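Asker: I have a structure I would like to understand better, so I am pasting it below and will then ask my questions one at a time.
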Amino acid sequence: MRKIKATLTILAFIAIPYSMYAQQTGSTIAFEEKIHDFGNIKEEAGLATYDFKFKNTGNQPLILNKVTASCGCTSPTWTKEPVPPGGSGSIKVAYNPKNRPNKFNKSITVYSNASQKVVALRITGNVIPKPRTIEDDFPFLIGNIRFKTNHMAFVKVTKDQKKTVSIQVINTSDQDQTISFSQVPAQLKLEARPVTLKPKEKGIITGIYDASLVNDWGFVISRVSVNYNGKVDRNNRLTISATISEDFSNMSPEQIENAAKIEFTENVFNFGKIKQKSSVEHSFTFKNTGKSDLLIRKVRSSCGCTAVTPSETTIKPGDSSQIKAIFNSGTRVGRQNKSITVITNDPRSPNMVLRVTGEVEAPESN
C-alpha cells in the first residue's frame, strides 16, 4: 500500500510541471492596459490617438489576424509582422471627435492566434464641443445674407390647408440689406421681418403656403429669387417644396367603404436583361373595385422611366385602365430600380408605387 502511494506521489510531481509546460506552449498576448481614457479632448483639435502596447509572453510567434472597431470614428492600425516570443507590438487607435460632442465609449476587438484568441480593448473620453460660429449656425450664404437653411420645406400640406414655415437669417455684410422676392408662385406668400436688416442683425423669413391654389398633387417644388436693395440676382435662389395631398382624415367608415378603390394586377415589372441605348415598355393594368369614381390625380415617374397617364383619368366603378411605363437604358449599366407613383382619390391607398426593375448589360469590351 505504501509503495502504491509513493508511486502516485511521484506521478503527481511529474504531471504538474508537464501541465504548466502545456499551458505555456504557443503565443500569449499581454497588454500593458486594455482601457484608455482620453479625458477631455477638443472637437477642433483633430484626431486623438493612443498606442495599446502588448507583449508576446508565450513561446511561439504571435500573429494579429484582425482588429476591428465598434464604429467608423475609431480607426485602428496594428503590428502586421509576427511578434516573436518576448517581442512587443502595438495597436494604434485614432478617434475623430469632429461632429461628435460629449462622452464616448468605444470598443476595439483584437483577433489573434494567441491562447486568448479574442481580446477587447476600450477607449473612453469626453469631446468638448468647439465654439459655434455664425457659419455653423447659418451655413447657407444666399447673396449677402446667411440662412439657417436654403430650403423652405412645408412637407405635407392638404388641399384645403394653409401652412406657415419660418427661416432664420442674419446679415453678415457691412451694409444694410433690404430683402424682397421675385418669381414667387401664386400659392406662396413670403415676408421678411424686418424688411431691412442692419449689419450683424438677425431676422426671419416667413412663408405661407396655400395648397388650394396649387393645380398639382404630390411633391411640388419651386424656386424663388431673393433680392437685396432692389437688385435682382437669379443666382440667389431659395427652394420651396410641399407634398400636396387629399385629406381623408374626416371620412367615416361608411364613406371609406363607398369610396373608390384602385387595384393593380401587378406592382412590379422585371424586364430582365437589356442592352444600353435600348428601351422596354410595359402596361400596368388596374381596376376600380370601389363604389365611386376613381380619379387619377397624377402619375409621376423617377429618372430614367417615363409613365404615361391614362387618356381617361376618371375610372367608373368596375372599369379598368392601364398606365404604360417606358424605361430607356441610355448609358446606364448594372441593376436598375425605377419607381412610378400613382396619386388617386382612393382613401385606402392614395399613393400607389409601381416598380420597374431589371439589369442593363455592360457593353462588350473590344
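The values are calculated or read from the model by the stated rules, or taken from the named source; none is laboratory data. Keep in mind that this is a model prediction, so the values were computed, not measured. Neighbour counts run over all protein chains shown; Cβ positions are idealised from the backbone, glycine included.
Asker: Given (1) part of a loop (DSSP other than H, G, I, E, B); (2) under 30 Å from Ile63 (Cα atoms); (3) out of contact with any Gly (no Cβ under 6 Å at 6 or more places or on another chain), where does Gln175 come up short, assuming only one miss?
Answerer: Among (1) part of a loop (DSSP other than H, G, I, E, B); (2) under 30 Å from Ile63 (Cα atoms); (3) out of contact with any Gly (no Cβ under 6 Å at 6 or more places or on another chain), the lone unmet condition for Gln175 is (2).
Condition check ((1) closer than 15 Å to His282 by Cβ; (2) touching a residue at least 60 places away in the same chain (Cβ under 8 Å); (3) of a type in the set (Gly, Ala, Ser)) across all residues:
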| residue | (1), (2), (3) |
| --- | --- |
| Ile296 | no, no, no |
| Ser320 | no, no, yes |
| Lys324 | yes, no, no |
| Asn337 | yes, no, no |
| Glu361 | no, yes, no |
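Asker: Let me ask something else. Considering each of Val127, Val165 in turn, give the residue that is within 30 Å of Lys106 (Cα to Cα) and either at pLDDT 95 or above or in a strand (DSSP E or B) (or both).
Answerer: Val127
Asker: Let me ask another. Take the residues of the stretch 165-198 that are in contact with a strand residue (DSSP E or B) (Cβ under 9 Å, 6 or more places away or on another chain) and among the acidic types (Asp, Glu): which is nearest to Gly230 (Cα to Cα)?
Answerer: Result: Asp176.
Asker: Out of all the residues in the stretch 257-269, is one or more more than 23 Å from Lys316 (Cβ to Cβ) and in contact (Cβ under 8 Å) with a residue 60 or more places away in the chain?
Answerer: yes
Asker: So which strands (runs of 3 or more DSSP E) stay within the stretch 256-366 end to end and still have 1 or more residues that are under 25 Å from Lys159 (Cβ atoms)?
Answerer: Those strands (runs of 3 or more DSSP E) span 262-264, 279-288, 294-301, 305-308, 320-328, 334-344, 351-360.
Asker: So, one more: Can you name the residue in the stretch 149-175 that is surrounded by 14 or more Cβ atoms within 10 Å (Cβ to Cβ) and more than 30 Å from Asn351 (Cβ to Cβ) and is also farthest from the chain's Cα centre (by Cα) among such residues?
Answerer: Ser173
Asker: Quick one: which residue in Lys162, Lys198 is out of contact with any Pro (no Cβ under 7 Å at 6 or more places or on another chain) and free of Cβ contacts under 8 Å to residues at least 40 places away in the same chain?
Answerer: Being out of contact with any Pro (no Cβ under 7 Å at 6 or more places or on another chain) and free of Cβ contacts under 8 Å to residues at least 40 places away in the same chain holds for just one of Lys162, Lys198, which is Lys198.
Asker: Could you check Val268 against (1) under 28 Å from Ile326 (Cα atoms); (2) among the hydrophobic types (A, V, I, L, M, F, W, C); (3) buried (at least 16 other Cβ atoms within 10 Å of the Cβ) and say which number it fails?
Answerer: Of the numbered conditions (1) under 28 Å from Ile326 (Cα atoms); (2) among the hydrophobic types (A, V, I, L, M, F, W, C); (3) buried (at least 16 other Cβ atoms within 10 Å of the Cβ), the odd one out for Val268 is (3).
Asker: Another question, if that's okay. How many residues are within 30 Å of Ile179 (Cβ to Cβ) and either aromatic (Phe, Trp, Tyr) or modelled with pLDDT under 95 (or both) when one looks only at the stretch 225-282?
Answerer: 7
Asker: May I pose another question? Given the options Ser311, Ser321, name the one that is within 27 Å of Val220 (Cα to Cα) and surrounded by fewer than 13 Cβ atoms within 10 Å (Cβ to Cβ).
Answerer: The unique qualifying residue is Ser311.
Asker: Quick one: is Thr341 among the hydroxyl-bearing types (Ser, Thr, Tyr) and exposed (fewer than 14 other Cβ atoms within 10 Å of the Cβ)? Working first, answer last.
Answerer: Working: among the hydroxyl-bearing types (Ser, Thr, Tyr): yes; exposed (fewer than 14 other Cβ atoms within 10 Å of the Cβ): no.
Here the answer is no, as Thr341 does not meet what is asked.
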